[in-house]
Amino acid sequence: MNKEEQIIMGFRDLYNKMVWLNKDKMEESLKGHTPSEVHCIEYIEKNIDSNVTKLAEFFYMTRGAISKLTKKLIKKGLIESYQKADNKKEIYFKLTEQGKVIFNIHEELHKEFRERDKIVFDQITDAQLDSMLSFVEKYRAHLDAEIKKQDKDLKQE
C-alpha cells in the first residue's frame, strides 16, 4: 500500500473509530433523533437564514430529501419555518426552543469528545496542525472540483 492509500485508509479508520466510540453516548443522549436530524439542527443553528437549497448543498443531498427531513423536524417541533418581509418566495428555518435543547446536547457531547481526544492534539505542534489543515483544504478543493466536473447538480435531482 502506498502512502496515498495509507492516508485515505487512515482517514477512514479514524472516522469509523470516532463514530464507534461516540455512537452509544450520542444515541443515549439524543434518543429519538437520527444523526441526519441532529446534523440538520446543528447546521440551522450555526447558519443564519438556512433554507432547503443551502442544506441540500451542504449535505450533498437532494432538495427533495432535505424537504422531507425538514418537514419531519417541523412535525417534531424542533424547527420552524419563516419568510422574510422582502422575499415571500423563499422559506427559511430556525430552531425552536426544543430544537435548541437538542443542539446544546449535541454541542456538549462534541465538547466532551474533544476533551477526551485533547491528549493527542496537545502533542502536536502548530506547524504540524497547519500542515494537516493545508492538506485537508487542498484535498477538499480537489474533491469540490471533481464534483463540479461531474456536473452533479444536486439541486435538480
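Numbers for the structure displayed
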read-out: Region 76-87: number of residues that are under 16 Å from Gly99 (Cα atoms) and out of contact with any helix residue (DSSP H, G or I) (no Cβ under 6 Å at 6 or more places or on another chain); value: 4
read-out: Of residues in region 126-157 being at pLDDT below 95, part of a helix (DSSP H, G or I) and open to solvent by 100 Å² or more (accessible area, probe 1.4 Å), the one farthest from Lys3 (Cα to Cα); value: Gln156
read-out: Residue that is surrounded by the most Cβ atoms within 10 Å (Cβ to Cβ), among those in region 66-82 that are of a type in the set (Ser, Thr, Tyr) and touching a strand residue (DSSP E or B) at 6+ places or on another chain (Cβ under 7 Å); value: Thr70
read-out: Those residues of region 50-82 which are farther than 13 Å from Cys40 by Cα and among the small types (Gly, Ala, Ser), in sequence order; value: Gly64, Gly77, Ser81
read-out: Every residue from region 22-38 that is in contact (Cβ under 8 Å) with a residue 40 or more places away in the chain, assigned to a helix (DSSP H, G or I) and of a type outside the set (S, T, N, Q); value: Lys25, Met26, Glu37, Val38
read-out: Residues of region 49-98 satisfying the condition of being of a type in the set (Asp, Glu) and within 30 Å of Asp24 (Cβ to Cβ); value: Glu97
read-out: Subset of region 44-75 [of a type outside the set (Gly, Ala, Ser), in contact with a helix residue (DSSP H, G or I) (Cβ under 8 Å, 6 or more places away or on another chain) and outside any helix (DSSP H, G or I)]; value: Asn47, Tyr60, Met61, Thr62
read-out: Test: residue in region 99-108 that is closer than 24 Å to Ser29 by Cα, without any contact (Cβ under 8 Å) to a residue 60 or more places away in the chain and more than 19 Å from the chain's Cα centre (by Cα); value: no
read-out: The one condition in (1) among the small types (Gly, Ala, Ser); (2) open to solvent by less than 60 Å² (accessible area, probe 1.4 Å); (3) under 22 Å from Ile44 (Cα atoms) that Ala85 fails to fulfil; value: (2)
read-out: Lys94 being open to solvent by 80 Å² or more (accessible area, probe 1.4 Å), more than 25 Å from Ile48 (Cα to Cα) and either at pLDDT 95 or above or in a helix (DSSP H, G or I) (or both); value: no
read-out: Ile41 vs. criteria touching a residue at least 12 places away in the same chain (Cβ under 8 Å) and β-branched (Val, Ile, Thr); value: yes
read-out: Residue satisfying all of: in region 8-65; closer than 15 Å to Ile79 by Cβ and acidic (Asp, Glu); least open to solvent (accessible area, probe 1.4 Å) among these; value: Glu37
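The values are calculated or read from the model by the stated rules, or taken from the named source; none is laboratory data. Note that the structure is predicted; figures quoted are calculated from it, not measured. Please note: Cβ atoms are built from the backbone with ideal geometry, for glycine as well, and neighbour counts cover all protein chains shown. Side chains included, ligands, DNA and RNA excluded: accessible areas come from the protein's heavy atoms. Shrake-Rupley method; radii C 1.70, N 1.55, O 1.52, S 1.80 Å.
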